[in-house]
């Protein structure tokens, strides 16, 4: 029972390159989220998916796209990476009831040079 | 705009003492508030949730209070141990799908 799994754990990109961050959960949760975490700032919501087939913008969606492939998987794509996207990215899920705890993956540390 | 404030300065305490962390918020009426623990290089891990109609919640050595008048939550760790050293995040939600996180406070417990 892995919980929430993110790949890769580390990535270095050159400005302008593209990549997809993968997230998979085996908790049978409906809601999935992508956050970024920068020093001195709280986790900021990029996109979320309330259920399979739906996605919505969060606080900082510019420069990102997402896909909710199925109930288990929620991917985050950077089409043209910029140094401002250097950050640690976390995927999270919330259980069947909305007002409950979030479960986080171990994070992806992305550096854009 | 909605804002959550946690003490950006690290909190240093001696083993066995009670650690108290503060979370203040403005322009927000949360339905519930959560506290998470985050260790270096890891994702946040849920600790406690308290709802707007609850004043206090306890779990083992942890206690959370929630004062909607003061717009403040206090997080206490009693009989602190070096293993409690971590960053603690406060998170607020109105009950919808979006949750806002504070930047966290680092706690160091010295043996």
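The values are calculated or read from the model by the stated rules, or taken from the named source; none is laboratory data. On a predicted model such as this, the values are computed, not experimentally measured, just so you know. Positions of Cβ are backbone-derived with ideal geometry, glycine not excepted, and every protein chain shown enters the neighbour counts.
Within the range B:21-33, the set of residues being at pLDDT 85 or above and exposed (fewer than 14 other Cβ atoms within 10 Å of the Cβ) comprises just one member, B:26. When residue A:44 is tested against (1) closer than 16 Å to residue A:64 by Cα; (2) over 12 Å from the mean Cα position of the chain (by Cα), only condition (2) is not met.
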